[in-house]
Amino acid sequence: MDQLLINPEYPHILSTLIFLPLAGAVLLLFVRNESFAKYWALGITTLTAILSIPLVSAFDTTTSKFQFVEQVSWIKSLNIQYVIGIDGISILLIMLTTLIMPLCVLASWSYIKTRIQAFMVCLLIMEAAMLGVFMALDFVLFYILWEAMLIPMYMLIGIWGGPRKIYASVKFFLYTLTGSVMLLVAIIWLYINNGYSFFIPDMMWQNYSSTAQIFLFLAFFLAFAIKVPMFPFHTWLPAAHVEAPTAGSVILASVLLKMGTYGFLRFAIPITPEATMTLAPAVLWLSIAGIMYGGFTALAQQDMKKLIAYSSVGHMGFVTLGIFVLNQQGVEGAILQMLNHGITTGALFLCIGMIYERTHSRQLRDATGVGKHMPIFVTFLAFFALSSFGFPGMNGFVGEFMIIAGTFEHSMVLALACIPGAVLAAAYMLRMLQKIIWGGTDNPDQSWIKDLNVREIVTLTPFLFFVFWIGLGAQPFLDLIHISVENLLNNYHSFTAPAVAVTEFIIH
Amino acid sequence: MQFLPELTLLGAGLIIFMVSLGKTNTELTRNIAIGLGAAIFGATLLSYSAEGRLFFGAYQVDLYSQVFKTLIAGAMLGVLIFGKDLKGISNKIHPEYYLFLFMSVLGLMMLVSSVELISIFVSLELSSFAVYIMVPMRDDSGKIRIQMEAGIKYLLFGVTATGFMLFGMSYMYGLTGSTDLATIITQYSTMWANPAYVISMMMVLAGFFYKLAIFPFHFWVPDVYEGASNETTAFIATVPKLAATALLIRLISQISGDGQVIINVLMFCAVASMFYGNLSALVQKDVKRMLGFSGIAHAGFVLLGILTFQITGYANAMYYIIGYVLMNLACFLVICNVSDKGENVMIDDLSGLHKRSPLMAFTLAVGLFALAGIPPFVGFMGKFMLLTGALKEGYMLVVILAAINTAIAIYYYLSVVRVTYCSDPEDRADIASPSLIVNATSVALLAAIVIMGVSPQRFVDFASTAVQTIM
């Protein structure tokens, strides 16, 4: 238990964060008033966001242990515990989640017109489950939340989604659930080989046999790669993104995708270091394939949401690239890029949603030339688009730069291979920007379009704030994650050193 | 006290028989039946802690049997309440229907306590024969005679399985010279190398496999589920499974590790049931048929728990079958209420159910998600514990195959949820709002499914205590 740190000042802060939205959702079930449901959901999510601030202020950046830990025995006969805690790898994702949720409620204010109450219940349950996934230190708790989250997300897409919502929601559900089935077997195997314990820190850095590690890694990989999604498991993502309501797309892009990469960092590397080393080249090249594939496909899209969705595939390719080069800069850049992608892509989806609310079309050609009539909107959009392809001074640049620097350190070939991806990102983003702001001679009549209202500006401003904060002064964010990453990599290197030595011995 | 639930059931049967003699009053019959059901449930609770042996040792009353009797009575009460309108049964024969229902339950309760071959056989037949009659009692409004086909199929398959069982029992008696289960088991425990012992045991198990619908004794399931009225199917799909599992645990728990041949055969049956059930369920259009195939797959999971030959494994199997009954009751509650005149419910008939009847849609969704094994419901915990137990015993391959099956199963459960939540009702009529007592039952089932899923500890401990009494 030496990996755990209980913070006496805030003994139950994490549980509060999980159970507050959950309780809010349960209470909301008994209310039959739609406008109350909106304010209630906004209030609960805002309160959660405020309550999560002490996590950062009281976070100890000098230790890689899990902090704010709470531990209660849950199912004794199987030794399952309710144990939650956070470290440098999860803290940014938790803050991102609590930040995004109130903004999602705001974004759905006039977008959702039917069954508002049920929608808000789904959002609140999602928040509880997502926070729980990032905090869980017991594998069964993690798995339960990981799977349970699918139900409200399925409902979000399936009930409030677009015309092909049924296809999209079913595909999303089947892909993710099928992927995690083998994860369950892996969890049980680990439990049996770890003295019957599901406690995640105890499973890390053990000497499992090489064969077992390979199988475990493959089980992890299938579950997490589908969630990220990595090429070639990405096909559910465009469908789900396109059909989901704005809030659903934002949650999907900002938080759900991060669970895959979080899974790699939390489970794949510490539990199966040797297999990670053996299989990392394959994962790296898949990441490159994802970057290129996402970029080229985004370039050809007419549907704005699809464009952003494919750009997500590319961006997440950068994240997995950063993780699997396995050096300090790469991994730190990857974690920062997870945050960046959450902010930027979330904001872009919000922007697209705002156009959609006005024109009721996601087609690029229906939205051309709105710049003249929506100056505030295109200002926001331009900043987010620039940040998305990594324009210096904005958040995307910092993350991408670190990842590419880390990749250079790892292998020149890989780094050169990923550079065209960065160029492609600029190409498709600028193409979209050009069309939306100016368009051409055949623009549809957009003079009736109203610019953003106060609510929409309030929704987008926090995103812009973080775009520049991370872009201009990323150090506070990196400080939070630094020690945890360093510890992760040190352990990784010490556990793979013998294997490396053997290989070198054989080669020479 | 030891025999109170059975006596109450007998009495209930007699009262209903009296009712059937007079002019049929549907309302009155229904109220009497539900009242009697509640009384029987009360009786099982009263005799909950009873212990002892009756009828010269042929009838064992212990915690294990009493727990199962309570569950059987509870599930029966549930079926009585939500199937109270008996839409699929002609008004004239409601009393007779209830009479056979009670007789069948009597057989099942006796089965749970039987520890001797003849009494096992008698009670199994009592429970089966009553159901053979209940199946064709469906009102033939559509003139399709589907219920007759189902009845005949059920009967013929049942008789065949019983034949196997009797044949096996005769071997058992011939090999050991006794019909007492305890004596038989002591003699068997050292003789697993002998093929006669293995074959006789497998033949006897066939009878229970038939009740529980395990491959290769599952052929009756889809047609009977489809052909019987919704209420009858709800009964067949839940209550007999409890009793069959109870006796299966009693029998298999006595096979020692030496019986490797029989273990392999059982394991094959478990995996084959899962694959057969899940793959066939994928293409069904009738909700009851689909649930029938899914039932075959779930029976495979139950067998997986029993095959660990550990007390925890039996307790897990018990937990799983209880959970299964709860989830199935939830689904059938919806089917019985959605069906307007007692006709079968197609998956398409559920379109837009969330607009027509939100509570029913929610109940169905929770029931199906739970059956699919998605947390935080009881189905997930059950599967999880079964897989953990099986992997502890080193059945890696079986566990992987079972996990693959979970993935297959999700598709067909999800497609029903999809229809209820994501399709429009088009011009389908609203569901008549179910009565208060039905709504209360559905909320109670939902609560039970969630509570058992979130804090399984108490239930598994309890099941272990119960199982320990028969070891």
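Laid out as a table, the results:
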| quantity | calculated |
| --- | --- |
| Label-point separation in nm, A:Thr235 to A:Ser447, each point 7 Å along Cα→Cβ | 4.7 |
| Shielding by partners - mean other protein chain Cβ count within 10 Å, residues of B:373-381 | 5 |
| Two-site label geometry, A:Asn33 and B:Glu343: point separation in nm, points 7 Å out along Cα→Cβ | 4.3 |
| Long-range HN-HN contacts of A:Val69 with modeled amide H, under 5 Å | A:Leu5, A:Ile6, A:Asn7 |
| Test item: B:61-74 mean partner chain Cβ contacts at 10 Å | 0 |
| Sorted by Cβ neighbour density within 10 Å, fewest at the top, the residues A:Ile166, B:Ile81 | A:Ile166, B:Ile81 |
| Value of relative contact order over chain B, rounded to a whole percent, pairs C-alpha under 8 Å and six or more apart | 15 |
| Calculated from backbone phi, Karplus (6.51, -1.76, 1.60) coupling profile of the range B:32-49 in Hz, x at Gly/Pro | 4, 4, 5, x, 5, x, 4, 4, 5, 4, x, 5, 5, 5, 5, 8, 4, 9 |
| Taking only Cα atoms of the range A:97-247, radius of gyration then Dmax in Å | 17.4, 55 |
| Positive-end residue of B:Tyr421, A:Leu286, A:Cys418, charge dipole of the protein assembly as shown with Cβ unit charges | B:Tyr421 |
| Inter-centroid distance (Cα atoms) of the range A:203-247 relative to the range A:1-50, Å | 28 |
| The range B:396-459 versus the range B:209-243: alpha-carbon centroid distance in Å | 19 |
| A:Gln475-B:Ala432 pseudo-label distance in nm [points 7 Å out on the Cα-to-Cβ vector] | 7.5 |
| 5 angstrom amide H check on A:Trp74, placed H, neighbours 5+ away | A:Ile80, A:Gln81, A:Tyr82 |
| Inverse of mean 1/r across different Cα pairs in the range A:227-269, Kirkwood, Å | 10.8 |
| Nearest-ten-degree value, helix A:165-192 long axis tilted from longest Cα axis of chain A | 10 |
| Estimated FRET transfer efficiency (B:Tyr48, A:Asn207; beta-carbon r; R0 56 Å; 0.05) | 0.65 |
| Cα pair distances in the range B:252-356, grouped into 5 Å bins until the bin that holds the longest one, percent each | 2, 12, 17, 18, 16, 12, 9, 7, 4, 2, 1, 0 |
| Angle between chain B longest axis and helix B:436-454 axis [Cα atoms, degrees, rounded to 10] | 40 |
| Cross-link pairs beyond the 27 Å C-alpha cut-off, checked among B:Lys92/B:Lys288; B:Lys87/B:Lys288; A:Lys113/A:Lys372; B:Lys211/B:Lys383; A:Lys305/A:Lys450 | A:Lys113/A:Lys372 |
| Gap separating the Cα centres of the range A:311-384 and the range A:426-463, nearest whole Å | 13 |
| Scattering curve values for the protein assembly as shown, log₁₀ I(q)/I(0), Debye with Cα scatterers, q = 0.05, 0.10 Å⁻¹ | -0.33, -1.14 |
| Amide H partners (placed H, <5 Å) of A:Asp138, local residues excluded | A:Val83, A:Ile200 |
| Mean separation of Cα contacts under 8 Å, 6 or more apart, over the residue count of chain A: relative contact order % | 15 |
| Computed over chain A, Kirkwood Rh from alpha-carbon pairs, angstrom | 22.9 |
| For peptides B:312-319, B:2-9, B:220-227, sequence by mean Cβ density within 10 Å, most packed first | B:312-319, B:220-227, B:2-9 |
| Alpha-carbon gyration tensor eigenvalues x 5, square-rooted, for chain B, Å | 33, 26, 20 |
| Relative contact order of the range B:347-404, pairs being alpha-carbon contacts under 8 Å that are 6 or more residues apart, as % | 14 |
| Efficiency of FRET between B:Asn91 and A:Trp285 - r from beta-carbon atoms, R0 60 angstrom, step 0.05 | 0.25 |
| Rounded tilt (10° steps) of A:88-107 against the dominant C-alpha axis of chain A | 20 |
| Estimated vicinal HN-Hα couplings, Hz - the range A:70-78 in sequence order (Karplus 6.51, -1.76, 1.60; Gly, Pro = x) | 10, 9, 9, 6, 10, 10, 5, 5, 9 |
| J(HN,Hα) series, the range A:362-376, from Karplus relation 6.51 cos²θ - 1.76 cosθ + 1.60, nearest Hz, glycine and proline x | 9, 6, 4, 5, 7, 10, 5, x, 7, x, 5, 9, 10, x, 5 |
| Packing-based exposure ordering (other Cβ within 10 Å, fewest first) of A:His410, B:His298 | A:His410, B:His298 |
| Nearest-0.05 FRET efficiency for B:Glu27 and B:Ile144, computed from C-beta distance (R0 30 Å) | 0.55 |
| Cα gyration tensor shape for the range B:57-185, rounded if a/c is under 1.5, else prolate or oblate | oblate |
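Every number here is computed from the coordinates shown, using simple stated rules; none is lab data. If you're wondering where the values come from, they're calculated on a predicted model, not measured in any experiment. Because the Cβ atoms are built from the backbone with ideal geometry, glycine has one as well, and the counts that use them run over all protein chains shown.
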